[in-house]
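The structure appears below as structure tokens.
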Amino acid sequence: MTSSTLLTPGSVRPGFNTVLWISLGLTALFVFITSEVLLVTDYPMYHAYRLRVIADQQILVPHTLCGVIALLAGPVQFSSRFRHRHPKFHRVLGRSYVISVFIGALTGIALAAGRPGMPGTCVQAAAWIVCTSAAFITARNRQIARHRQWMVRSYAVTFTFVSSRVLNLWPLYWSHLGDTLAAVGLVVFTFASLLVVEVGLNWRELTNRPA
Ligand code: HEM
């Protein structure tokens, strides 16, 4: 497949991009309120998990900081208007994104160490690092179309932080999903996100019949 035939985020209709980013933003806000705010205010269903989070706070602080940088950098970096107007800032924020992903992934593994969820977290962290490294290498090699595609894959893994928490408030999901199933769930969320991205990136080829 040549890079000219590959669908890039820039080639998608602007209306689609706006709807996509608004949906992702609203989902992130929903998760922030139903998972993070309720965790801070000691919502009874999250109490046991809250104690674990408090015990892990030394690793959790850098992990969360880096995760938030990665999560917020996405919408800025994907904006073609912003990239064209501020190419230097795009490079600086891009490097910060890469560093944040590496620290976020390694601290994520440290958080999971010794717990049943460790294999799932390792798969998620590996996917995060591989996609982000590929995005960095293609940017360095000036393969811009491929760089954008790897960034979409990388951001899809970043966004699993949100997608894997959407159902948290549903007691059946939260309390029956023991540690082992949660680890399997993480792998499923990671690969499902990457599959959705692949379909999106290849949409034109999948839907166009050769003349
Ligand atoms: C947008 C990126 C991310 C942000 C902002 C973020 C932030 C957080 C926060 C705030 C927590 C504690 C509260 C909670 O669970 O909701 C947490 C826990 C955790 N995160 Fe992340 N994270 C991100 C991505 C990741 C990724 C990609 C991994 C996998 C490498 C990961 C691994 C973990 C682990 C293992 C825990 C502890 C879970 C437990 O104790 O059961 N995080 N993260």
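The values are calculated or read from the model by the stated rules, or taken from the named source; none is laboratory data. The structure displayed is predicted, hence computed values, not measured ones. Neighbour counts are summed over all protein chains in view; Cβ atoms, including those assigned to glycine, are modelled from backbone coordinates with ideal geometry. Only protein heavy atoms, including side chains, enter the accessible area calculation; ligands, DNA and RNA are left aside. Shrake-Rupley method; radii C 1.70, N 1.55, O 1.52, S 1.80 Å.
Applying the criterion of at least 3 residues that are hydrophobic (A, V, I, L, M, F, W, C), at pLDDT below 95 and surrounded by 13 or more Cβ atoms within 10 Å (Cβ to Cβ) to the helices (runs of 4 or more DSSP H) found wholly in the stretch 42-150 leaves an empty list. Just to be sure, is ALA182 within 11 Å of the ligand (Cβ to nearest atom), farther than 24 Å from VAL98 by Cβ and in contact (Cβ under 8 Å) with a residue 60 or more places away in the chain? Against the criterion (within 11 Å of the ligand (Cβ to nearest atom), farther than 24 Å from VAL98 by Cβ and in contact (Cβ under 8 Å) with a residue 60 or more places away in the chain), ALA182 qualifies. Among the conditions (1) open to solvent by 40 Å² or more (accessible area, probe 1.4 Å); (2) more than 17 Å from the chain's Cα centre (by Cα); (3) not hydroxyl-bearing (Ser, Thr, Tyr), VAL188 misses just one, which is (2). Can you find a residue that is under 23 Å from ILE137 (Cβ atoms) and either among the hydroxyl-bearing types (Ser, Thr, Tyr) or more than 9 Å from the ligand (Cβ to nearest atom) (or both) anywhere in the stretch 63-73? Scanning the stretch 63-73 turns up at least one residue that is under 23 Å from ILE137 (Cβ atoms) and either among the hydroxyl-bearing types (Ser, Thr, Tyr) or more than 9 Å from the ligand (Cβ to nearest atom) (or both).
Restricting ARG115, ARG85 to residues that are basic (Lys, Arg), away from the ligand (no atom under 15 Å from the Cβ) and more than 18 Å from the chain's Cα centre (by Cα) narrows the list to ARG85.
Residue pairs whose Cβ atoms lie under 8 Å apart, separated by 6 or more positions or on different chains, with the first residue in the stretch 109-132 and touching a residue at least 12 places away in the same chain (Cβ under 8 Å) and within 15 Å of SER193 (Cβ to Cβ) and the second of a type in the set (Lys, Arg) and crowded, with 16+ Cβ neighbours inside 10 Å, are CYS131/ARG153.
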